[in-house]
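The values are calculated or read from the model by the stated rules, or taken from the named source; none is laboratory data. This structure is a prediction, so every number in the text was calculated from the model and none was measured. Every residue, glycine among them, receives a Cβ derived from its backbone with ideal geometry; neighbour counts consider all protein chains shown. SASA here: full protein model, heavy atoms, side chains in, ligands and nucleic acids out. Shrake-Rupley method; radii C 1.70, N 1.55, O 1.52, S 1.80 Å.
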Amino acid sequence: MLSHRWWVNFVLLLIIFLLVIAVVIARGNGGRCEKGEPCETPPLTHRKPNEIQNIRIQRHGHDELHLTRLNADEWQLLKPLNLPARTFRVNKLLDILTTHRYVALNEEIPDLAALKLNPPIARIWFDDFNISLGDSTPINTQQRYVLIGRMVYLLDDHFDMILGQSAADFSSLFPFGQQASFKKLVLPQFTLEKIDGQWQLTETKDHTQALKTHDLTALATRWQSLQALNVSLQTENEVEWSTFPMVQIYLEKSTGEESPWLLYQVSTHPELILAAPERGVRYHFSATQADILALNR
């Protein structure tokens with residue numbers, strides 16, 4: 001017959017076992033809301049990205065960037081360049097406002113300067129709301145200190161699109177925007193004009209082959225939907241642009257006559273480079289684009 005002490009030990013072990021099970025279950029349900037559904041970390045801010053109208057980025061050693069919303073899907077870079085903005089990069093900025101991937105550092109931070117938050121490495125303004133970017137963490141370089149008000153957070157470090165990059169990286173890869181419409185296209189060998197809704201060849205140089213109407217339309221469409229592989233800042237000083245083949249593009253605008261886009265054909269190999277010196281940038285394309293755009297005729 002089992003002793004009384006054995007039964008006591010058995011009951012104690014059973015109680016400990018049940019307590020362990022209870023702790024495990026409690027921890028497993030610790031991330032669940034009252035209705036038993038998984039709780040989600042609240043967004044970093046309560047700002048709504050689709051309501052933001054202006055973005056400013058201040059970075060040490062760089063010109064201030066200023067972007068403004070044109071409509072639901074398009075942004076314009078106003079400073080230091082005046083060009084259509086790269087939507088992908090703007091959306092990445094707006095994603096910061098609603099990210100759920102962060103850690104709030106509740107303990108008091110004694111020295112913001114040590115985290116490079118005073119002064120910050122960069123500051124981003126979303127309308128009248130701003131966040132400051134500091135240093136990456138010494139333990140995990142894939143996280144960065146961020147200051148919002150008086151609160152310090154750790155965010156996944158996807159800020160390479162801001163730190164150290166030029167204004168050209170925020171310029172759209174579509175030189176004329178994604179919904180451009182032309183009324184006149186002056187190429188080195190011939191000129192196309194839209195007359196009564198039809199593209200027509202109005203001027204040609206010697207030895208230019210005749211082009212059919214559908215070929216003219218296809219060529220104009222390729223130019224209107226032109227997308228670069230990369231955009232870089234114009235760095236040449238005192239270049240005599242008249243020595244380069246020039247392209248003039250007249251956009252259809254609802255508000256009177258406007259100056260044409262002037263693009264200079266800098267090179268065709270190993271890549272096609274079209275410079276827009278009046279806008280301060282160069283557009284880079286694959287070498288095959290020269291033929292497609294009728295620049296090798």
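Quick look at the numbers
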quantity	calculated
ILE139 modelled with pLDDT under 85 and of a type in the set (A, V, I, L, M)	yes
Among (1) more than 15 Å from ALA167 (Cβ to Cβ); (2) open to solvent by 30 Å² or more (accessible area, probe 1.4 Å); (3) in the same structural domain as ASP156 (by the TED database) - the single one LEU78 does not satisfy	(1)
Members of segment 228-265 found to be at pLDDT 90 or above and open to solvent by 90 Å² or more (accessible area, probe 1.4 Å), listed by number	LEU229
Residue list for segment 119-139, restricted to those being farther than 18 Å from ILE57 by Cβ, touching a residue at least 12 places away in the same chain (Cβ under 8 Å) and open to solvent by 70 Å² or more (accessible area, probe 1.4 Å)	none
Where a residue in segment 99-114 is modelled with pLDDT of 90 or more and its partner, wherever it lies, is open to solvent by less than 50 Å² (accessible area, probe 1.4 Å) and not in a loop (DSSP other than H, G, I, E, B), with Cβ under 9 Å and at least six apart	THR99/LEU155; THR99/ASP156
Pair list, Cβ < 9 Å and 6+ apart or interchain, from segment 164-187 residues that are touching a residue at least 12 places away in the same chain (Cβ under 8 Å) to residues that are of a type in the set (Gly, Ala, Ser) and assigned to a helix (DSSP H, G or I)	PHE182/ALA220; LEU185/ALA220
Residue in segment 7-29 that is more than 30 Å from GLN234 (Cα to Cα) and modelled with pLDDT of 85 or more present	no
Residues located in segment 272-289, provided they are in contact (Cβ under 8 Å) with a residue 24 or more places away in the chain and surrounded by 14 or more Cβ atoms within 10 Å (Cβ to Cβ)	LEU274, ALA275, ALA276, PRO277, ARG279, GLY280, VAL281, ARG282, TYR283, HIS284, PHE285
Cβ-Cβ under 7 Å pairs, at least 6 apart or on other chains, segment 149-161 side free of Cβ contacts under 8 Å to residues at least 40 places away in the same chain and part of a loop (DSSP other than H, G, I, E, B), far side buried (at least 17 other Cβ atoms within 10 Å of the Cβ) and of a type outside the set (Ser, Thr, Tyr)	ASP157/GLN143; ASP157/ARG144
Positions within segment 63-80 being in a loop (DSSP other than H, G, I, E, B), in contact (Cβ under 8 Å) with a residue 40 or more places away in the chain and within 20 Å of ARG123 (Cβ to Cβ), in sequence order	ASP63, PRO80
For ILE55: the one exception among (1) among the aliphatic types (A, V, I, L, M); (2) surrounded by 15 or more Cβ atoms within 10 Å (Cβ to Cβ); (3) over 15 Å from ARG123 (Cβ atoms)	(3)
